[in-house]
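Here's the structure, in structure tokens; my notes come after.
The values are calculated or read from the model by the stated rules, or taken from the named source; none is laboratory data. None of these values were measured; they are calculated from a predicted model. Cβ placement follows ideal geometry from the backbone for every residue including glycine, while neighbour counts extend to all protein chains displayed. Surface areas here come from the heavy atoms of the whole protein model, side chains and all, with no ligands, DNA or RNA. Shrake-Rupley method; radii C 1.70, N 1.55, O 1.52, S 1.80 Å.
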Amino acid sequence: DAGVIQSPRHEVTEMGQEVTLRCKPISGHNSLFWYRQTMMRGLELLIYFNNNVPIDDSGMPEDRFSAKMPNASFSTLKIQPSEPRDSAVYFCASSLRASGGHNEQFFGPGTRLTVL
Amino acid sequence: GEDVEQSLFLSVREGDSSVINCTYTDSSSTYLYWYKQEPGAGLQLLTYIFSNMDMKQDQRLTVLLNKKDKHLSLRIADTQTGDSAIYFCAGGLTGGGNKLTFGTGTQLKVEL
């Protein structure tokens, strides 16, 4: 199993540009999470999906952020327009939602975003 | 929502035991987790404990849960330089939602 795949691994862009981060969850998993990690704020949950449906997007910082999950094997996080304060490492994670039992989240390697 | 707090840094000597502490506010979490993040990588699950347990041991790792005080700890015996990482505790409800609430993370530095 390849694990959670994220692309790109590194992204450097200029303020005002659109940024799209991509995630492929582990096959068979039905929950997907987007996190942001910074030194100042630690690890923050931005949004998560169950069965491709957004369940909780209360962590999305502003309207400039949007996330989609068009099918079970792909999700995107878009920032438009990007700002320097969006610089962070963005993680995607997936898990198998099941009744009972614990829910391990499997994390991707992250995308390091730098907005100049 | 739940708050999960951890101390930010811990420094130990190689071979000593490390104890990383975590406090949480929501007692409804049915599972509590410890994740490890190595430099430049995502988080990986280390171990977890069901809320009706007080202790769980897994090789060099011992998890202690004090539900009354809402306190969780991770003890690493015979700490090695490879244990240097950021450790996160997290709480979640069984089944529904799959959402975990992560702590602030503790940076463990192992010195020779």
(request) Restrict the check to the range A:44-55 and report whether at least one residue is touching a strand residue (DSSP E or B) at 6+ places or on another chain (Cβ under 8 Å), closer than 29 Å to B:Thr106 by Cα, in contact (Cβ under 8 Å) with a residue 12 or more places away in the chain and not in a strand (DSSP E or B). (result) no
(message) For the range A:58-116, give me every one of the strands (runs of 3 or more DSSP E) that falls completely inside it and has 3 or more residues that are open to solvent by 30 Å² or more (accessible area, probe 1.4 Å).
(response) A:65-71
(request) Inspect all residues belonging to the range B:23-38 and state whether any of them is more than 13 Å from chain A (Cβ to nearest Cβ), outside any loop (DSSP other than H, G, I, E, B) and either open to solvent by 20 Å² or more (accessible area, probe 1.4 Å) or under 26 Å from A:Met39 (Cβ atoms) (or both). (result) yes
(request) Read through the list (1) within 14 Å of chain A (Cβ to nearest Cβ); (2) touching a Leu at 6+ places or on another chain (Cβ under 8 Å); (3) part of a strand (DSSP E or B); (4) within 20 Å of A:Leu45 (Cα to Cα), then give the number of the only condition that B:Gln44 fails. (result) (2)
(message) Looking only at residues that are surrounded by fewer than 13 Cβ atoms within 10 Å (Cβ to Cβ) and not in a loop (DSSP other than H, G, I, E, B) in the range B:47-80, which one is nearest to the other protein chains (Cβ to nearest Cβ)?
(response) B:Asp58
(request) Being closer than 14 Å to B:Leu74 by Cβ and open to solvent by 50 Å² or more (accessible area, probe 1.4 Å) is the filter here, so list the residues in the range B:3-16 that pass it. (result) B:Ser7
